[in-house]
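Following: one structure in structure tokens, then a few remarks.
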């Protein structure tokens, strides 16, 4: 018998493999090709690196309608892309306080309601090519869930920082409206809407250039900035936008109005503004800015919705349904995970949102089976949404909060009666 050490010594070092034929050195013709192939590989790597650094505006083009001549189609650079981002449970972002003796939370619910987000990043030549932009001479939509965007489509007449601020304000307002609608639907008549201050969101644009950028603003642009609060007009205190409209009722284009502004970081200042006719209604005299919706709500208890850095109003319906589900008995989703998008209005109607196709793609990636969307998107957008969804996601269009609750009941949710809603 051999010891274990002996066995290891005999078997750890294998013998040489049998010869399989002779080894030949490369011929001259093979060596000739080595250099150009290596150079080609190096050039390919350099080209990919450059394509990842160069902006897509060098190659990406898109046909859009001329802002000043809607019947004319022009070609513009499309350096941005609207793409899917994520679907997130609303429940994780909602907290309550002061419920004792007023309301009770339903803590044994199954399934989650998700709100859905997209992003609109700038594109490199490489990302534009990977997305399929190179297959379209005019930068058309190559992938069902990707839209190439011009500067005007992404920012309108605003700067990026102004656009971001407005988007965040829209989300905060959406959360406020959702709280009001949910509580009124559940019979909490103590919920009230408080009118908000007159805050400048953007200045009206009177003319655009060929790239869709604003080239002429109203006289108000000389003295107003987005974020300014208009405190007084001709000495009259302004509490709401309606107060400002009343002050302008007897004014005509070319007249002036004295405004007292409260500018963040600099305090109050008094300015004179020449008024203009509204571009949409020449019979109406305006200052020349678009106000924020700054309304807030009064509730019988505290609700906090953490909107974080998410902007836009499209989570309104998802917030509303989540609050109703949490503050009422039963299971609104029937144990299903359900994605929801749509702006909620004070009367319970559901407004259209942007980026529906991209949101469908995000829902599909999360493996969520049902997606409630606004009927107001129109048949063309709904058809595209179904194209992206395929057989993985059921698209459920709704026009109101009531229709959304009925749709949830049809997929297995517990029925719930809601109070009629009237916009205040």
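Sorted by packing (mean other beta-carbon atoms within 10 Å per residue), highest first, where do 356-366, 404-414, 243-253 land? Write down the numbers at each step before the final one.
Values: 356-366: 23.4, 404-414: 18.3, 243-253: 14.0.
Packing proxy ranking, top to bottom: 356-366, 404-414, 243-253.
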Checklist line | Span per principal axis, largest first, for the Cα atoms of region 196-291 (Å) | finding: 40, 33, 22
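Multiply the residue gap between residue 122 and residue 270 by 0.36 nm, knock off their C-alpha separation, and tell me the result in nm, one decimal place. Don't jump to the answer; show the numbers that get you there.
Numbers: separation 148, 0.36 × 148 = 53.28 nm, distance 3.92 nm.
Result: 49.4 nm gained on full extension.
Could you calculate, for the chain, the ratio of the Cα radius of gyration to the Kirkwood radius, expressed as Rg to Rh? If you can, show how the numbers build up before the last one.
Values: Rg = 29.9 Å, Rh = 25.8 Å.
Over the Cα atoms of the chain, Rg/Rh equals 1.16.
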Next item on the list: Please determine, in degrees from 0 to 90 and to the nearest 10, the orientation of helix 379-389 with respect to the longest principal axis defined by the Cα atoms of the chain, where the helix direction is its Cα long axis.
Entry: 30 degrees
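Please give the contour-minus-distance gain from residue 347 to residue 263: 0.36 nm per residue of separation, less the Cα-Cα distance, rounded to one decimal in nm. Walk me through the numbers before you get to the answer.
Details: separation 84, 0.36 × 84 = 30.24 nm, distance 3.31 nm.
Additional length available on full extension: 26.9 nm.
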Margin query: Could you order the peptides 296-305, 367-376, 182-191, 260-269 from most to least packed, using the average number of other C-beta atoms within 10 Å per residue?
Written below: 367-376, 182-191, 296-305, 260-269
Next item on the list: Report, in degrees rounded to the nearest 10, the 0 to 90 angle that the Cα long axis of helix 28-53 makes with the longest principal axis of the chain.
Entry: 10 degrees
Check: Name the residues of region 167-197 whose amide N is less than 20 Å from a point 7 angstrom out from the Cα of residue 96 along the C-beta direction?
Finding: 175-193
Note to self: Can you order the peptides 230-236, 327-333 by their average number of other Cβ atoms within 10 Å per residue, highest first?
What the structure shows: 327-333, 230-236
Notebook entry, point to check: So what's the back-of-envelope 222 nm ellipticity for the chain, counting only DSSP H runs of four-plus at -39500 (n - 2.57) apiece and dividing by all residues, rounded to 500?
Noted result: -9000 deg cm²/dmol
Notebook entry, point to check: Over region 326-424, with a single point scatterer placed on each C-alpha, what log10 of the ratio I(q)/I(0) does the Debye formula yield at q = 0.11, 0.14, 0.24 1/Å?
Noted result: -0.33, -0.53, -1.30
Check: Given the C-alpha centroids of region 250-318 and region 350-381, what is the distance between them in whole angstrom?
Finding: 29 Å
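Rule-based calculations on the coordinates, nothing more; no lab input. Since the model is a prediction, treat every value here as computed from it, not as a measurement. When we count neighbours, we look across all protein chains shown, and the Cβ atoms used for this are built from the backbone with ideal geometry, even at glycine.
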